[in-house]
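The values are calculated or read from the model by the stated rules, or taken from the named source; none is laboratory data. Quantities reported herein were computed from a predicted structural model and do not represent experimental measurements. Glycine gets a Cβ as well: all are built from the backbone with ideal geometry, and neighbour counts include every protein chain shown.
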Amino acid sequence: MEKFAKGVVKHRKIIIIVYLVLMIPAVIGMVNTRINYDMLSYLPKNLDSVKGQQIMLDNFGKGAFSYMLVEDKTPAECAELQTKIEALDHVDSVLWYNTLLSTDVPMSILPNSLYNRFNKDGSTLMAIFYDEGTSADSTIATIGQVRKIAGSHAYLNGMSALVKDLKDLCEQEEAKYVAIAVICSIVIMMLLVDSFVVPFIFLFSIGMAILLNMGTNIFLGNISFITQALAAVLQLAVTMDFSIFLWHAYEEEQDNYEDKKVAMEKAIVNTLTAIVGSSLTMIAGFLALCFMTYTLGADLGIVMAKGAVFGVIGSVTSLPALLLVLNPIIEKARHRSLIPDATKLAGFIVKKSWIFIIIFCVVVGPAYYGYTHTKLYYNMGATLPKSINFMVSNEKVMNDYDIGTTHIVLAKSNLSAAAGRSMADDIQNVKGVKDIVSYDYLLGNQIPQEALPSSIANIFKSGKYQIMLINTTKDYGVATSNVNKQLTKLNSIVRSYDKKATVIGEAAGTKDLMSTTSHDFKVVDFASLIMILVILFVVLRSWTLPIILEVSIYFAILINLGIPFYTGTTIVFIAPIVLSTIQLGSTINYAILLTTRYKRERLDGNSSDDSLITSISTSLPSIVTSAVGFFGSTFGVSLYSNIDIISSLCALMARGAIVSMFAVIFVLPAFLKLFDKLIIKSTKSLRLKYGKTNKKEVATA
């Protein structure tokens with residue numbers, strides 16, 4: 001490590017030049033990385049809802065689906081609009097009541113139930129099928145074209161319309177997230193670090209690491225909009241620790257060496273030694289997300305793990321180089337840090353440690369109860385701003401036509417007409433089903449199928465399969481308990497006619513999402529705990545310290561994710577999985593820092609109380625600076641974002657950093673004092689120091 005440190009110091013200018021050159025391909029890669037806005041596309045491929053969507057695309061050439069409500073247009077104008085929409089490149093077909101009969105059949109013979117299905121109070125409802133998937137670039141572009149052609153009196157709903165508006169909103173806000181995080185971090189760092197220039201150097205170094213991380217995402221093919229929105233902010237927040245560690249190590253070594261180059265060499269070596277364990281736990285926490293079968297976890301986990309690696313590399317390469325090159329400016333901008341001496345506070349914490357043990361015992365039960373009973377939401381559309389196009393359109397269709405969502409039944413095409421009508425009758429009798437559109441059930445027995453244009457058969461039947469549309473009433477919307485029970489009943493009915501039949505659509509996909517992520521949460525939670533525990537065992541060479549550290553941070557996680565239950569807040573479904581791993585992996589650094597210093601003090605022969613007082617007072621500035629920096633960079637984004645999934649995740653991460661900070665400063669030292677003798681017996685280096693020949697020393701220490 002010393003050779004590496006000497007090389008960094010010697011070639012500092014070359015390092016800066018290399019980083020600046022690498023920014024060019026990094027920016028090109030970042031700009032050309034595709035962003036995925038479809039949360040259901042990350043579901044496991046073996047689910048019936050996912051397989052059904054692919055069958056529909058392969059056999060019918062139909063991927064996405066939406067309803068369009070058109071107001072103040074005559075039938076002739078609607079027919080003209082239909083023709084224009086069907087002429088668009090990626091529109092497969094448009095279905096409405098005028099599509100159902102050839103022009104020589106008078107409209108007066110249409111059954112009222114069928115006419116009312118597509119018409120109401122001066123408006124017309126059209127069903128539009130697209131020939132690509134929900135979140136395909138071509139589909140999203142087509143949504144924009146349909147809206148342009150239809151004009152202001154048309155309302156387009158469906159998942160693709162949601163994805164389109166979510167994409168537009170994210171693109172408007174993403175750059176501002178980074179700007180807010182940077183501004184908040186700079187303000188906080190300028191107050192807590194003893195130089196006004198150093199925070200800018202931190203952010204320049206971290207910024208280059210972020211660009212390298214985001215640029216290399218192009219090799220992943222695409223990333224989710226959540227990863228795109230959060231990765232830069234999170235990387236800034238969680239890797240700031242490494243910069244703070246290097247800066248504090250550099251300042252300490254300047255007291256020992258007049259030559260700043262030598263001081264930086266020693267600081268690099270000390271920083272590498274200090275951050276190996278903390279960076280590994282952070283990376284392990286992120287990689288634990290890869291255990292999710294819902295692959296959004298792997299998407300975020302891999303990108304953030306890469307970010308942590310780039311952050312570590314930057315903290316011992318670009319940052320030292322920049323600090324040395326810009327040292328004259330740094331010295332001119334020195335000021336006194338606002339963090340006061342913590343010796344008195346440390347003495348109080350150690351002397352009154354029993355108070356914090358009692359607080360832990362009293363709080364942990366309610367925290368765990370809240371953590372396991374916090375309500376989650378799965379409907380992404382329901383939390384978007386009410387003014388965006390999708391929300392306005394969805395409300396319009398839902399209220400005017402009493403449509404909550406649309407299921408699609410996928411069944412074999414050789415079902416007899418009688419069986420098809422019988423199945424439709426059974427479905428119609430299910431609670432919450434508003435109406436059905438299918439080839440066999442379309443006109444009932446009043447109009448012979450021979451009267452239907454052949455194009456209608458092509459919409460509903462293709463090869464081995466046929467489809468049936470089921471509209472639910474508005475109280476059976478996506479992600480509600482009503483619609484989930486309804487789906488179970490519908491699948492039972494359709495499989496009584498065709499064992500391989502299935503019900504697909506947004507609601508079916510969301511139901512699968514709920515069951516998949518519920519299982520994933522338990523797996524990822526366990527995986528992250530075990531992976532980090534193993535790393536801590538190796539780093540600390542102790543059987544008890546890793547458990548004490550994890551208990552302290554997990555206590556903070558329980559509080560953070562338990563609070564929403566007591567405030568009556570419903571949080572996004574991905575929050576418990578993502579937050580628990582990120583908070584554990586990133587804020588356990590605080591605990592490692594304090595515990596490592598405690599071990600060092602005990603090895604020097606200091607008593608338990610003195611060791612803890614020194615550990616708290618020396619570690620507290622780094623812990624507070626890091627935690628408050630983490631808080632600032634995420635909390636500002638939570639206040640600004642109009643996308644609830646981004647806003648709520650950032651708010652939870654901001655609160656988590658502060659709760660973890662308090663847990664490490666107050667609860668962890670209490671545990672270290674309580675279990676001091678057990679720690680000595682179970683920690684290799686301490687056991688050698690206070691062995692059998694030193695029983696007296698243990699007793700007095």
Of the residues that sit in the stretch 611-625 and are touching a Phe, Trp or Tyr at 6+ places or on another chain (Cβ under 7 Å) and in contact (Cβ under 8 Å) with a residue 24 or more places away in the chain, which one is nearest to F675 (Cα to Cα)? L612
Any residue that is under 30 Å from A411 (Cα atoms) and surrounded by fewer than 14 Cβ atoms within 10 Å (Cβ to Cβ) - is there at least one of those in the stretch 71-81? no
Of the conditions (1) within 26 Å of the chain's Cα centre (by Cα); (2) assigned to a helix (DSSP H, G or I), I35 satisfies every one except a single condition; which number is it? (2)
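On the basis of being farther than 26 Å from L639 by Cα and crowded, with 24+ Cβ neighbours inside 10 Å, does S160 make the cut?
Working: farther than 26 Å from L639 by Cα: yes; crowded, with 24+ Cβ neighbours inside 10 Å: yes.
Answer is yes for this residue.
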Considering only residues of the stretch 365-375 that are out of contact with any helix residue (DSSP H, G or I) (no Cβ under 6 Å at 6 or more places or on another chain) and under 26 Å from M661 (Cβ atoms), which is modelled with the lowest pLDDT? T372
Listed by first then second residue, the pairs whose first member lies in the stretch 668-693 and is within 16 Å of F555 (Cβ to Cβ) and of a type in the set (G, A, S), whose partner is crowded, with 18+ Cβ neighbours inside 10 Å and modelled with pLDDT of 90 or more, with beta carbons under 7 Å and at least 6 positions apart or on separate chains, are A670/S353; A670/F356
Selection over the stretch 170-203 where residues are within 26 Å of the chain's Cα centre (by Cα) and outside the structural domain of V27 (by TED's automatic domain parsing) yields a count of 18
